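*Asks:* Please read through the structure below; I'll follow up with questions.
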Amino acid sequence: MNRAAIIGAGPSGFYAADQLLRAGFEVDLLDALPTPFGLVRAGVAPDHPKIKSVTRVYARTAAHESFRFFGGVTLGADISREELLERYHAVVYALGTATDNRLGIPGEDRPGSHAATEFVAWYNGHPHFAHQTFDLDCERAVVIGNGNVALDVARMLVLDPGELAPTDTADHALEAFGAAGVAEVVLLGRRGPAEAAFTNPELLELGELARADVIVDPAQLEGVPEPPDAIKRRNVEILRDYSRRSPAGRSHRLELRFLRSPLEILGEGDRGRVTGVRVGINRLVAGEDGGVRAEPTGEQEVIECGLVLRSIGYRGLPLAGIPFDERRGLIRNRGGRVESDSGTCRGEYVVGWIKRGPSGVIGTNKKDASDTVARIREDLEAGALRSPDPELSSPEAVGAWLIERVPELVTWEGWQAIDAHETALGEPAGRPRVKLVRIEALIEASRGAGARR
């Protein structure tokens, strides 16, 4: 029986597992956290429960007799690449892009200036970020970026506490949002309305906010040509609709401001808290590739604020021994096969954002995984997979090895105990779950014990 290890239990990892199981492989899915589902659990906005329901599909994959889950196992700390290659015919990296791109401007590291990735992980109860604090006691926040994550964090800042109450937002974040002083959010885009990377449903739902007016200056849409792309064309239509609306006098405002590039995060002294953002005003010019690019006009403005969240893309982190493209922040690969300077790395593959970059929606990872698994099947037929050590590679031997390295690792049955515990905590308040946000509490719950939050 051919055996595969998948490192990373997010959507791309589960889609790859499903495809490999269908191809007759035994699959071990490993994750650094005790919980599966990656960004579906720790990245999707809490007020989007329908998107999170995709976990039911992943649970069906996990029910396969040839599937095993091992949570709490960190590649590079608990186990090594070389040890995996000794034990499996194929190793698939589904690690995602765990860190954010930086602006590279003065003041970026001031108190009150944060990566949106950290903010999202904080309000979603990711154990590595739950201890962080975000000072929401300011009147205005600036969110830098024009993608769906930027929309998510902007929306979360102006949602009414009643809209968040029935969600699985982490308890510490619910408390902080309830006491927040933020009344206005300015969302900045470097280019114009037609170039924004929002998807239509996410942009449309801004108009459904209970306590926030959506502000778009009509002048920003003057002369904007109709984009050829249907999604971007619809985005422009939605933005035009917002620009025609008269503010209803709600308590909060969310303004979308385009053609603005951040130049400096301002603050008190060299290391004092954020007091504003100095931005350059751009114009669009034709690019050499047929598209448009933002060019500074020389004009500038200062937006006073007490909180800055940057959301300008994700990048992966290198791991010892795995070929890595530093410029793109991805594992080096060709069509899903990992490649080094000397050629294809036998039996090593990659899926998801760490393969292609942070693009698409959750479902995009299904085709991406299918493409990579097609390469694995080709290599199987060509006899180009690895030949693991028989004494090390049996399911029993691998299980014993992992337990030796991580005595408190969490199996799928352990995750089901965590799931049941969190769900039971949420039931009295009509919430889908109350998340445990400490590793110790998650491990305790995985053993069937009544974990403390």
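Just so it is clear, none of the values below were taken in a lab; they were calculated from the coordinates. From a predicted model like this one, the values you see are computed outputs, not experimental measurements. Positions of Cβ are generated from backbone atoms using ideal geometry, with glycine treated the same way; all protein chains shown enter the neighbour counts.
*Asks:* Order these by the 10 Å Cβ neighbour count, fewest first: Val92, Val277, Val44.
*Replies:* On the way: Val92 32, Val277 25, Val44 21.
Lowest count first: Val44, Val277, Val92.
*Asks:* List the residues whose amide H sits under 5 Å from the amide H of Phe324, counting only those 5 or more places along or on another chain, with H placed 1.01 Å from N in the peptide plane.
*Replies:* Arg332
*Asks:* Taking amide H positions as placed in the peptide plane 1.01 Å from N, state which residues far from Asp100 in sequence (5 or more) or on other chains have amide H under 5 Å from it.
*Replies:* When sequence neighbours closer than 5 places are left aside, the close amide H contacts are Arg315.
*Asks:* Taking only the alpha carbons of segment 1-81, what extent do you get along each of the three principal axes, in Å, biggest first?
*Replies:* 42, 31, 15
*Asks:* Amide H of Leu266: which non-local residues (sequence gap of 5 or more, or other chain) have their own amide H closer than 5 Å, using H built in the peptide plane?
*Replies:* When sequence neighbours closer than 5 places are left aside, the close amide H contacts are Thr275, Gly276, Val277, Arg278.
*Asks:* Can I ask one more? For segment 380-385, take each phi angle, set θ = phi - 60°, evaluate the Karplus expression 6.51 cos²θ - 1.76 cosθ + 1.60, and give the result in whole Hz per residue in order, putting x for glycine and proline.
*Replies:* 4, 5, 8, x, 9, 7
*Asks:* If you look for lysine pairs in the chain that are eight or more places apart or on different chains, how many of them have Cα atoms under 17 Å apart?
*Replies:* 4
*Asks:* Taking every Cα atom in segment 102-310, find the radius of gyration and the maximum pairwise distance Dmax, and write them in Å.
*Replies:* When restricted to the Cα atoms of segment 102-310, Rg and Dmax are 17.0, 49 Å.
*Asks:* Can you match Rg and Dmax of the Cα atoms in Å to one of these, (i) 32.1, 118; (ii) 23.3, 72; (iii) 23.9, 85, based on a calculation from the structure here?
*Replies:* It is the value labelled (ii).
*Asks:* Take Glu304, Glu222 and order them by how many other Cβ atoms sit within 10 Å, fewest up front.
*Replies:* Details: Glu304 14, Glu222 8.
Final ranking by Cβ density, sparse to dense: Glu222, Glu304.
*Asks:* What is the sum of charges around Asn282, taking Lys and Arg as +1, Asp and Glu as -1, for the other residues whose C-beta is under 13 Å from the C-beta of Asn282?
*Replies:* Values: positive: Arg190, Arg191, Arg257, Arg260, Arg283, Arg293; negative: Glu195, Glu295, Glu299, Glu301.
Here the charged neighbours net out to +2.
*Asks:* Can you give me the Cα centroid spacing of segment 1-55 and segment 271-340 in angstrom?
*Replies:* If you average the Cα positions of each part, the centres end up 28 Å apart.
*Asks:* Right, next: Under the Karplus relation 6.51 cos²θ - 1.76 cosθ + 1.60, θ = phi - 60°, what is the ordered set of whole-Hz ³J(HN,Hα) values for segment 292-307, x standing for Gly and Pro?
*Replies:* 10, 9, 8, 10, x, 8, x, 7, 9, 8, 10, 10, 6, 6, x, 8
*Asks:* Give me log10 I(q)/I(0) at q = 0.12, 0.16, 0.20 Å⁻¹ for segment 22-175, Debye formula, one equal scatterer per alpha-carbon, no solvent.
*Replies:* Debye curve over Cα of segment 22-175, log10 I(q)/I(0) at q = 0.12, 0.16, 0.20 Å⁻¹: -0.66, -1.03, -1.35.
*Asks:* Please report the net charge: other residues with Cβ closer than 10 Å to the Cβ of Ala294, K and R +1, D and E -1. Walk me through the numbers on the way to the answer.
*Replies:* Values: positive: Arg190, Arg191, Arg260, Arg283, Arg293; negative: Glu195, Glu295.
Overall, the nearby charge balance is +3.
*Asks:* So how do Phe14, Phe129 line up by other beta-carbon neighbours within 10 Å, fewest first?
*Replies:* Ordered from fewest to most neighbouring Cβ atoms within 10 Å, Phe14, Phe129 come out as Phe129, Phe14.
*Asks:* OK, next. Under 11 Å from the Cβ of Gly24, count the other residues' Cβ atoms, weight Lys and Arg +1, Asp and Glu -1, and hand me the total. Could you put the intermediate results ahead of the total?
*Replies:* On the way: positive: Arg3, Arg22, Arg377; negative: Glu26.
Around Gly24, the surrounding residues sum to +2.
*Asks:* Using θ = phi - 60° and the Karplus form 6.51 cos²θ - 1.76 cosθ + 1.60, what ³J(HN,Hα) does each residue of segment 98-114 get, whole Hz, x for Gly and Pro?
*Replies:* Working through the residues one at a time gives 8, 10, 10, 6, 9, 6, x, 10, x, x, 5, 9, 5, x, x, 10, 9 Hz.
*Asks:* For segment 65-107, what does the convex hull of the Cα positions come to per residue, in cubic angstrom?
*Replies:* It is 143 Å³ per residue.
*Asks:* For a protection proxy built on the mean count of beta-carbon atoms within 10 angstrom, sort 201-212, 15-26, 291-302, 156-167 highest first, please. Could you put the intermediate results ahead of the total?
*Replies:* Working: 201-212: 16.2, 15-26: 22.0, 291-302: 13.0, 156-167: 18.0.
Output ranking for 201-212, 15-26, 291-302, 156-167: 15-26, 156-167, 201-212, 291-302.
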